[in-house]
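For reference, the structure discussed in these notes is given below.
The values are calculated or read from the model by the stated rules, or taken from the named source; none is laboratory data. Just so it is clear, the structure is predicted and the values come from calculations on it, not from any experiment. As a convention, Cβ positions derive from the backbone with ideal geometry for all residues, glycine included, and neighbour counts pool all protein chains shown.
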Amino acid sequence: MSGQVNVAGTWKNIKGIMVKRGGVWMSVKTLYQRAGGQWGVYYRQIIIPQNIIGFDTLADSLSQPTSWKFCDGTDGAPDLRSLYPRGSTNQGSVITPAPHSPPNADIVSSAFSHSYANYYRQIGSGNLIKGSHTHTFRHQSMSANSSAPAYLSLPGFVLNKKMREGVLLFYRGTSSPTGQWMVPTGYDDLFVRGSANANDAIATETTGAHTHSGSGAYVRINANLISVQLASSQNYQPALTNHSHGWTPPSATGTATPRHVQLLPIVSAVNLPKIESGTVAFFSGVAVPTGWQLCDGNNGSPDYTDLFIKLNATLGWVSDSAMGADVHTDSCPSSGSTSNRSNSVVNAYGSALQDYSNHSHTVYAHDHGSTNSSIPSNIPLLICMKV
């Protein structure tokens, strides 16, 4: 309880619980009561840090307390709009990585094998021309795109010491700490992201995949015969004429899973819940609140520096070791066959021996590099755990 009391004709502000002992009023944070021979907590002062950031799961149905400050980058609040919060030792500036394009990889097609009767049987060779060839293809260009992990989007607020039901925080455990907090369903394998508006409803994006579309015509690197083999020697060495095939470049896809720690999502079930030990939260500014510990790996604390938070309502907290990676590989599926193309074998004097029938090649599934960034647009924020 808090408010004002009239002491000796003077109004004074109080915080906590006022208890009169020996004729003197004093403020305490916890009031105990004895019942049935046992002492128990009768009332405990709930302290909500001023700079704690909570995510509102009921923003589209319940009004926020007037003291809450939407995280839009004004009045000292961080800007969380469409950004992923990232653990840090202080509040930093928004980081917006540039969109990336995968490199143009060389792709060798499947070989086309052939065996054709020699037109020079009349001179007694009677041999077969045997050979195979491949082509090397390359995308002409690949579109740029940004990495965005699968997310749960909620409006973030600086709570300014006020809490109501529906506020999402995080817990370093596998089950709800008390009955004042509940574990929501369906919040598995999703990263936390701030929504664009204060009254936005919950939104999710569950794949985390992004696409780099192949555009323009293919670029053929090589179209020569790889090998020609005769059953036995003859006077006229055949060779394959140079030719090319049409090919439609496929799109490349990538999935971003940046370095993160997996924590249990907990949502307040009452208007003024006690924040239990093991609760993890982001904070505005640089001040670590009383009763909280900076998650920087010192003094026995977990190190969540530079890590994102990934929610898992089923398994909860697994380990403090970072999972994921800050780079990913963009991959193309098999694009099927190239267009058909006829070609001919010629002898050493340029005379045609025989036309090849129409043939095509398969362009194999392939990767586009391994150093593309998985980091989404984010803002570094002070991350602490309740002790």
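Per the listing Pro78, Pro49, the residue uniquely modelled with pLDDT of 95 or more and either of a type in the set (Asp, Glu) or over 30 Å from Thr248 (Cβ atoms) (or both) is Pro78. Report yes if some residue within the range 179-189 is assigned by TED's automatic domain parsing to the domain that holds Asn378 and within 14 Å of the chain's Cα centre (by Cα); otherwise report no. Yes, some residue in the range 179-189 is assigned by TED's automatic domain parsing to the domain that holds Asn378 and within 14 Å of the chain's Cα centre (by Cα). Does Ser331 fit the bill of being under 30 Å from Ser146 (Cα atoms), modelled with pLDDT of 75 or more and either touching a Pro at 6+ places or on another chain (Cβ under 8 Å) or assigned to a strand (DSSP E or B) (or both)? Spelling it out, Ser331 is indeed under 30 Å from Ser146 (Cα atoms), modelled with pLDDT of 75 or more and either touching a Pro at 6+ places or on another chain (Cβ under 8 Å) or assigned to a strand (DSSP E or B) (or both).
Matching residues to (1) more than 24 Å from Gly369 (Cα to Cα); (2) among the β-branched types (Val, Ile, Thr); (3) in contact with a strand residue (DSSP E or B) (Cβ under 8 Å, 6 or more places away or on another chain); (4) modelled with pLDDT of 80 or more:
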position	(1), (2), (3), (4)
Thr204	yes, yes, yes, yes
Ala209	no, no, yes, yes
Gly216	no, no, yes, no
Ile221	no, yes, yes, no
Val228	yes, yes, yes, no
Ala239	yes, no, yes, no
Ala252	no, no, yes, yes
Ala256	no, no, yes, yes
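Residue count for the range 71-85 satisfying the condition of being within 16 Å of Ser374 (Cα to Cα) and part of a strand (DSSP E or B): 2. Criterion applied to Gln4, Gln64, Gln33 was being over 30 Å from Ala287 (Cα atoms), among the polar types (S, T, N, Q) and either out of contact with any Leu (no Cβ under 7 Å at 6 or more places or on another chain) or at pLDDT 60 or above (or both), and the one residue passing it is Gln33. For the range 166-188, give me each residue that is among the acidic types (Asp, Glu) and at pLDDT 95 or above. Within the range 166-188, no residue meets the criteria. Tell me whether the range 310-321 contains one or more residues that are β-branched (Val, Ile, Thr) and within 25 Å of Pro376 (Cβ to Cβ). Taking every residue of the range 310-321 in turn, at least one turns out to be β-branched (Val, Ile, Thr) and within 25 Å of Pro376 (Cβ to Cβ).
Would you confirm, using the coordinates I've provided, whether Met385 is modelled with pLDDT of 95 or more and surrounded by fewer than 16 Cβ atoms within 10 Å (Cβ to Cβ)? So Met385 does not fit the description; no. Strands (runs of 3 or more DSSP E) fully within the range 259-317 that include at least 2 residues being of a type in the set (Gly, Ala, Ser): none found. Of the residues examined, Phe157 is one that is in contact with a Cys (Cβ under 7 Å, 6 or more places away or on another chain) and at pLDDT 95 or above.
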